[in-house]
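The values are calculated or read from the model by the stated rules, or taken from the named source; none is laboratory data. Just so you know, these numbers come straight off a predicted model, no measurement behind them. Using ideal geometry, Cβ is built from the backbone for each residue, glycine included, and neighbour counts are taken over all protein chains shown. The accessibility values were calculated without ligands, DNA or RNA, using every heavy atom of the protein model including side chains. Shrake-Rupley method; radii C 1.70, N 1.55, O 1.52, S 1.80 Å.
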Amino acid sequence: VQLQASGGGLVQAGDSLRLSCVASGGASSSYTVGWFRRAPGKEREFVALINYSGSSIYYGDSVKGRFAISRDNAKNTVYLQMNSLKPEDTAVYYCAVRRRYSNYRYAGDYADWGQGTLVTVSS
């Protein structure tokens, strides 16, 4: 399966953005998908996860209460609604399919990484 993330851009602190992750080339509706981000000079950080049915959702501590993950399986798309953005949310955001089940926060559990989309939040 191939994933493509989009929707990034330059916004001001307090603004909102919605990222999309479109899947192709497989039965994407059966996959658990995660969002990660990598800020300049930092390690890749877990942001959110949603299972195939949307019944299991997890968030990273730094985005809990501000970000919301959802999916539309008919469109093979997973969304990341980002509200109350902060300058520290500035990063390249990636989506990926979870292929292993050791720790959902661990990037090594994921594969089929999409090309990231850059989010820049100005103060």
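Excluding Asp112 itself, calculate the net charge of residues whose Cβ lies under 13 Å from the Cβ of Asp112, where each Lys or Arg counts +1 and each Asp or Glu counts -1. Net of charged neighbours comes to +2. Take every pair of alpha-carbon atoms less than 8 Å apart whose residues are at least six positions apart; their mean separation over the length of the chain yields a relative contact order of 35 percent. Which stretch or stretches of segment 78-99 have amide N atoms under 15 Å from the point lying 7 Å from Ala13's Cα along the Cα→Cβ direction? The answer is 84-90.
Each of Thr120 and Gln4 was given a label point 7 Å from its Cα along the Cα-to-Cβ line. The distance between the two points is 2.3 nm. Take the chain with all the other protein chains still there, run a 1.4 Å probe, and you get 50 Å² of accessible area per residue.
If I stretch the segment between Asp72 and Tyr106 completely, what's the gain in nm (0.36 nm per residue apart, minus their alpha carbon distance), one decimal? List each step's numbers first, then the result.
Numbers: separation 34, 0.36 × 34 = 12.24 nm, distance 2.45 nm.
Full extension from Asp72 to Tyr106 adds 9.8 nm.
For the chain, the carbon plus sulfur part of the accessible surface works out to 46%, probe radius 1.4 Å.
Just check segment 39-123 against the gyration tensor rule for me: Cα atoms, a ≥ b ≥ c as the square roots of the eigenvalues, rounded for a/c under 1.5, and otherwise prolate or oblate depending on whether a/b exceeds b/c. Present the calculation step by step, with values, prior to reporting the outcome.
On the way: a/c = 1.63, a/b = 1.32, b/c = 1.23.
The shape class here is prolate.
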